[in-house]
Amino acid sequence: MTNTSAPFRSVKDIPAEEYYRSGHRTCAGCGPAIAYRLLTKVAGPNTVLLGPTGCMYVANGHQFLTSPYAVPWFHTQLGGGGAAGIGTAAAFRALMMKGKRRMEDINVVVYGGDGGFSDIGYSGLSMAMTYDYSRLVYVLYDNESYANTGIQASSATPWGATTTFTPSGKVRKLGNERSKKNVALTLAAHPGVKYVATSSLYPPLDFMNKVRRALEADGPAFIHVLTPCPKGWFFEPKETVDLSRLAVETGSWLLWEYDSGEFALTHRASPRKHAREYIRRQGRFSHLTDDEVETIDRMIEEEKKYWEESDRLKRLVLPWIRPPPRTSVVSH
Amino acid sequence: MVTRTGTTPTAHSVSTKTVQKAARKEVWTGTRAVAEAVRIADVDVIAAYPIRPYTGIMNDLATMIANGEFQAEIIVADSEHSQFEIVKHASAVGARVFVGSSGVGATYAAEAIVVTGLSQLPVVGIIGCRALDDPGNFGMEWNDALMYRDVGWLVSWARDAQEALDMTLVAYRVSEDRRVLLPQFVAIDGATVTHIASSVEPPVENDVAEFLPRYELPYRLDPACGPVTKAQHIAPSLIGPEQRKVVDVAMKNAREVIREAWNDYARYVGREYAPFIEEHYMEDAEIAFVTMGAYSKDAVYAAKKLRSKGIRAGVLRIRYWRPFPSQELRKALEGVRAIGALDFSYSFGSADHAGAFFNELRSALYEMQSKPVLMDFMLVGGREPSLAHFMEAGRLLEDATKLGRSKKMVRWLTLRGDDV
């Protein structure tokens, strides 16, 4: 029942049709909006989109009752993404199996943020990975904070980043003291999962091809896409894709896929750039000392070995890195 | 209807089955009876999560589906929140859905329940009424279901297993009516309805097929229906009040639709109910109990005993909590001198520290021409009341008719120790 489509090899392969159109009011340079546009180009017209509360809910509508969606779209609650996808896919399956609706492939894509999928809706997302609906894809657009509420830390906020809940103060200087949760890794641990991948807005086409693979995986599928946020990370709107590139080139964000139990790094940063080239471009890290930036680079280097080993074995090896120095009022 | 595993029955096969079982009698618990209603309604998507006492419905449905007795997607959710989100979204696609919960399970799902009402999706669910935690308590209270009195859900209360079955079928008919399109909870009292087996006559499936048309949601979330955008974030100044008014009108429309549906139910299935309130011994009543659910039977028995002692007692059983039958109650209670709520709810700190049930009733009766004495007999905490409690309530109402007022408006009847 699943058709395999041709991969996107150049920008010329990208369909001209838009399904995420004008009519939204996202910030200039919004990373999640760019990914949304690309994802809907891959999914095409026979798609239902579901939007948990977050930037991609609030900023995509609002003032004038406009809708940017040229395919069916329905809101779901911040923690409801996993369940919304299952309910929608279950309805289509039931109606088709019972002869109440014509049989056909319909894509169901849930586009949720890091708050919605790494925190409040994590349990529902995990449930979703245990069901076997085909053409049901969960995409986590990760701007590393609750951005539409004014940049509060989520469990996907990186170590050392300032947010309004984790400011750098006179006594507690570091900002966010927790390490970023690797959501994709935990979802790959679900036994029935068919496709899990990480992606970003760089290299070009990486995300679109992964969406294509996920839609055709014939089972639970998840993509964690890093989408820089000018407002929350404090950089110029024109630099969004540059920041994606630097995240990948410094190894701050690794691109991999786990396809029916087989792991592969899909892009290698070689030689890897020093983390400072990524970190120092963002205002949210401006308070970090050079030592702290070195700590970040050291952690990237240590973790990288595990990913290289996973790639060699084609199996996931659980990374473990020495945690950053414990932060306390005394040491700072 | 028998369907062998491996075959794919269509929606139609339910209504065109030529070999029908004759009207039969079963001895079923309330949960088993509701499961039968869900099967007969040919529900498409079910979401389950366990919590006593409603769970038995899902156990029975899972068994029916496993045995091929009917076809539906049954999702075992990771929480009640997911459970209610699942059915909300399935309903938006055009599937007929079923869900349920009890006690703190129903409160865990609060957010998903609220948005289902306010986005006007005709989900049908059961609340098997149970005391809220803490402490954990299997006893029966109404607060779990009453929590959803304000958010666009129809809420009805069944008296026994038979009515739980009938009310579930009627709930689909009313909720899915285009004049309404609101979700509905059928509340069934924990233990007394959920777990007590009694005689049930399941309706004949052909009759129900005529009574309950196929679910056809306008503006389905389906690419075949075009790019519907649903529940987009809005500017409050633009359509905020108008959106709320749509829900208000739907709830007002429900009153007429409920009346029609029960008339039709009697016509097609042959069992009659008064739609909003059921009256017992009310013709010449001087005192009246007003209540809902299973204990109304005890109240009727108590009224009979009180009458044998010369006290003219009557009983009103409310069947719909939303929409609340204010006019019907005022009419039926006109001339009654003292009215007592048999109230399995609390509302700590509310007006006169009474129960949520009582205060709603009192607010509706404020517009009455006669001003009867109103008393709240609270039966909270899950301790089972006995006939003696209802008889005591009757005597207190009788005293109030003599005094022209009550000595104490709110009484905790089943409490041991001082009712301070």
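The values are calculated or read from the model by the stated rules, or taken from the named source; none is laboratory data. On a predicted model such as this, the values are computed, not experimentally measured, just so you know. Every residue, glycine as well, gets a Cβ built from its backbone with ideal geometry; the counts of neighbours run over all protein chains shown. Note: areas computed on protein heavy atoms with side chains; ligands, DNA, RNA excluded. Shrake-Rupley method; radii C 1.70, N 1.55, O 1.52, S 1.80 Å.
Ratio of alpha-carbon Rg to the 2.2 N^0.38 Å globular estimate for chain B, to two decimals, please. Could the numbers behind the result be given before it?
Numbers: Rg = 21.6 Å, N = 420, 2.2 N^0.38 = 21.8 Å.
Dividing the Cα radius of gyration by 2.2 N^0.38 Å gives 0.99.
Between segment A:49-69 and segment A:228-300, how many Å separate their Cα centres?
28
Roughly what percent of Cα-Cα pairs across segment A:1-61 reach past 18 Å? Each step should come with its number before you reach the end.
On the way: 771 of 1830 pairs.
Result for the distance tail: 42 percent.
Rounded to the nearest 20 Debye, what is the dipole magnitude of segment B:14-164 about its Cα centre when Lys and Arg each give +1 and Asp and Glu each give -1 at the C-beta?
Numbers: 12 positive and 18 negative charges, 130 e Å.
Result for segment B:14-164 is approximately 620 debye, rounded to the nearest 20.
Placing unit charges on C-beta atoms (Lys and Arg positive, Asp and Glu negative, everything else neutral), compute the dipole magnitude of chain B about its Cα centre in debye, rounded to 20.
Working: 48 positive and 53 negative charges, 173 e Å.
The dipole of chain B has a size of about 840 debye.
Run the dipole for segment B:237-385 about the Cα centre, Lys and Arg Cβ at +1, Asp and Glu Cβ at -1, nothing else charged, and hand back the magnitude in debye, nearest 20.
Values: 22 positive and 20 negative charges, 48 e Å.
For this selection, approximately 220 debye.
Once amide H atoms are built 1.01 Å from N in the peptide plane, which residues 5 or more positions from B:Ala47, or in another chain, come under 5 Å H to H?
B:Ile75, B:Phe98
In whole angstrom, note down how far apart the Cα centers of segment B:129-156 and segment B:252-303 are.
21
Using the basic label-point model (7 angstrom from Cα toward the beta carbon), what is the B:Ala388 to B:Lys245 distance in nanometres?
5.7
Quote the FRET efficiency, to the nearest 0.05, computed for A:Glu309 versus A:Arg172 with a Förster distance R0 of 45 Å and r equal to the Cβ-Cβ distance.
Working: r = 36 Å, r/R0 = 0.79.
For R0 = 45 Å, the calculated efficiency reads 0.80.
Provide the gained length on full extension for the span B:Lys25 to B:Arg149, in nm with one decimal, where the gain is 0.36 nm per separating residue minus the Cα-Cα distance.
Difference between extended and current length: 41.2 nm.
Which residues of segment A:67-105 show a drop of at least 50 Å² in accessible area when all protein chains are present, compared with their chain alone (probe radius 1.4 Å, heavy atoms only, ligands and nucleic acids excluded)?
So the qualifying set is A:Pro72, A:Trp73, A:Phe74, A:Gln77, A:Ala83, A:Leu95, A:Met97, A:Lys98, A:Lys100.
On a straight-distance basis, which lysines could pair with A:Lys170 in a cross-link, Cα separation under 26 angstrom, same-chain partners fewer than 8 positions away excluded?
Straight-distance partners of A:Lys170: A:Lys180, A:Lys231.
At 1.4 Å probe radius, can you tell me the per residue accessible area of segment B:82-208 in Å²? Don't skip to the end; give the middle numbers.
Numbers: 2740 Å² over 127 residues.
Value returned for segment B:82-208: 22 Å² of accessible area per residue.
Scan around B:Phe289 for amide H atoms under 5 Å from its own, H built in the peptide plane at 1.01 Å from N, and keep only partners 5 or more places away or cross-chain.
Distant-sequence amide H within range of B:Phe289: B:Gly314, B:Val315, B:Leu316, B:Gly340.
Stretch A:Ala264-A:Ser286 to full length: gain in nm at 0.36 nm per residue minus the Cα-Cα span? List each step's numbers first, then the result.
On the way: separation 22, 0.36 × 22 = 7.92 nm, distance 3.38 nm.
Contour length minus Cα-Cα distance gives 4.5 nm.
Find which of B:Ser119, B:Met167, B:Gly94 sits farthest along the positive direction of the dipole of segment B:82-173, computed with +1 on the beta-carbon of Lys and Arg, -1 on that of Asp and Glu, about the Cα centre.
Ranked along the dipole, the leading option is B:Gly94.
I'd like the chymotrypsin sites (Phe, Trp or Tyr not before Pro) in segment B:129-205 restricted to DSSP loop residues with at most 14 other Cβ atoms within 10 Å, sorted by number. Please list the in-between numbers first.
Working: sites: B:Phe138, B:Trp142, B:Tyr148, B:Trp153, B:Trp157, B:Tyr172, B:Phe185; in loops: B:Phe138, B:Trp142, B:Tyr148, B:Trp153.
Of the chymotrypsin sites (Phe, Trp or Tyr not before Pro), the ones in loops of segment B:129-205 whose Cβ has at most 14 other Cβ atoms within 10 Å are B:Phe138.
How big, on average over all directions, is the shadow cast by the Cα convex hull of segment A:41-110, in nm²? Don't jump to the answer; show the numbers that get you there.
Working: hull surface 20.9 nm².
So the mean shadow area of the Cα hull is 5.2 nm².
Which cross-chain or sequence-distant (5 or more) residues have an amide H under 5 Å from the amide H of A:Asn176, H modelled 1.01 Å from N in plane?
The answer is A:Gly160, A:Ala161, A:Thr162, A:Thr163.
Taking Cα atoms, how many degrees apart are the long axis of helix B:387-403 and the longest axis of chain B, rounded to 10 and kept between 0 and 90?
Helix B:387-403 sits roughly 50 degrees off the main axis of chain B.
Which lysines have a Cα lying under 19 Å from the Cα of A:Lys98, excluding residues fewer than 8 positions away in the same chain?
Here the lysines satisfying the reach criterion relative to A:Lys98 are B:Lys17.
Please sort by residue number the chymotrypsin sites (Phe, Trp or Tyr not before Pro) in segment B:298-406 whose DSSP state is loop and whose Cβ has at most 14 other Cβ atoms within 10 Å.
Of the chymotrypsin sites (Phe, Trp or Tyr not before Pro), the ones in loops of segment B:298-406 whose Cβ has at most 14 other Cβ atoms within 10 Å are B:Phe348, B:Tyr366.
Taking only DSSP H segments of four or more residues, each worth -39500 (n - 2.57), what value at 222 nm results for chain B once the sum is divided by all its residues, to the nearest 500 deg cm²/dmol?
Details: 14 runs with 166 residues, N = 420.
The helix contribution divided over chain B gives -12000 deg cm²/dmol.
Out of the total accessible area of segment A:262-313 (probe 1.4 Å, heavy atoms of protein only), what percent is carbon and sulfur? Could you put the intermediate results ahead of the total?
Working: 1300 of 2780 Å².
Taking all protein chains in place, segment A:262-313 shows 47 percent carbon and sulfur surface.
How high is the relative contact order of chain A, given as a whole-number percent (alpha carbon pairs under 8 Å, six or more residues apart)? Could the numbers behind the result be given before it?
Values: 693 pairs, mean separation 52.8, N = 332.
Averaging sequence separation for qualifying contacts and normalising by length gives 16 percent for chain A.
For the protein assembly as shown, max minus min Cα coordinate along each principal axis, in Å, sorted largest first?
The principal-axis extents, from largest down, are 98, 69, 46 Å.
Using DSSP loop states and a limit of at most 13 other Cβ atoms within 10 Å to flag GluC sites (Glu not before Pro), what is the longest stretch of chain A containing no flagged site?
Values: sites that count: A:Glu17, A:Glu18, A:Glu104.
The reported range is A:105-332.
Using a probe radius of 1.4 Å on heavy atoms only, what accessible surface per residue do you get for segment B:275-356? Whole Å² is fine.
Working: 2980 Å² over 82 residues.
I get 36 Å² per residue for segment B:275-356.
Within 10 Å of each Cβ of B:92-99, how many other protein chain Cβ atoms are there on average?
Numbers: counts 9, 14, 6, 11, 4, 4, 0, 0.
For this peptide, the per-residue mean of nearby foreign Cβ atoms is 6.
Residue separation times 0.36 nm, minus the C-alpha to C-alpha distance between B:Tyr273 and B:Asp133: what's the value?
Numbers: separation 140, 0.36 × 140 = 50.40 nm, distance 3.45 nm.
Full-extension gain reported as 46.9 nm.
Would you work out the relative contact order for chain B, in percent, from Cα pairs under 8 angstrom that are 6 or more residues apart? Intermediate results must be reported in sequence, preceding the final value.
Numbers: 866 pairs, mean separation 62.6, N = 420.
Normalised by residue count, the contact order of chain B is 15 percent.
Of chain A, which part is the longest with no chymotrypsin sites (Phe, Trp or Tyr not before Pro) in a loop (DSSP not H, G, I, E, B) and with at most 13 other C-beta atoms within 10 angstrom? Walk me through the numbers before you get to the answer.
Numbers: sites that count: A:Phe64, A:Trp320.
The reported range is A:65-319.
Note down the relative contact order for segment B:341-386 as a percent, whole number, built from C-alpha pairs under 8 angstrom at least six residues apart.
Numbers: 51 pairs, mean separation 21.9, N = 46.
Here the relative contact order equals 48 percent.
Rounded to the nearest 500, what is chain A's calculated 222 nm mean residue ellipticity when only DSSP H runs of at least 4 contribute -39500 (n - 2.57) each, over all residues? Don't jump to the answer; show the numbers that get you there.
Values: 10 runs with 99 residues, N = 332.
It comes out at -8500 deg cm²/dmol, rounded to the nearest 500.
How many Å² of accessible area per residue for chain A, probe 1.4 Å? Don't skip to the end; give the middle numbers.
On the way: 13330 Å² over 332 residues.
Using a 1.4 Å probe on heavy atoms only, each residue of chain A averages 40 Å².
If you take the accessible area of A alone, add that of B alone, and subtract the area of the pair, what total do you get in Å², probe 1.4 Å, to the nearest 100? Intermediate results must be reported in sequence, preceding the final value.
Numbers: alone 15210 and 18150 Å², together 29600 Å².
Roughly 3800 Å² of accessible surface disappears when A and B pair.
At a 1.4 Å probe radius, carbon and sulfur cover how many percent of the accessible area of segment B:250-312?
Working: 1260 of 2890 Å².
The value for segment B:250-312 is 44 percent carbon and sulfur by accessible area.
Once the Cβ-Cβ distance between B:Leu238 and A:Lys181 is put in as r, and R0 is 35 Å, what FRET efficiency do you end up with, to the nearest 0.05? Show your work: numbers first, answer last.
Numbers: r = 38 Å, r/R0 = 1.08.
Taking R0 as 35 Å, the efficiency between B:Leu238 and A:Lys181 is 0.40.
Which of A:Gly121, A:Pro15, A:Ile106 sits farthest toward the positive end of the charge dipole of segment A:1-129, with +1 on the Cβ of Lys and Arg and -1 on the Cβ of Asp and Glu?
A:Ile106
For the pairs B:Lys371/B:Lys408; A:Lys194/A:Lys238; A:Lys41/B:Lys230; B:Lys309/B:Lys407, flag any whose C-alpha to C-alpha distance is greater than 26 Å.
Working: B:Lys371/B:Lys408 17 Å; A:Lys194/A:Lys238 36 Å; A:Lys41/B:Lys230 21 Å; B:Lys309/B:Lys407 22 Å.
In this structure, A:Lys194/A:Lys238 lie more than 26 Å apart at Cα.
How large is ³J(HN,Hα) for each residue in segment B:340-349, as worked out from phi by the Karplus curve 6.51 cos²θ - 1.76 cosθ + 1.60 (θ = phi - 60°), to whole Hz, x for Gly and Pro?
Here the 3J(HN,Hα) series is x, 7, 9, 10, 9, 10, 10, 7, 4, x Hz.
List the lysines whose Cα lies under 18 Å from the Cα of B:Lys297, skipping any in the same chain that are fewer than 8 positions away.
B:Lys305
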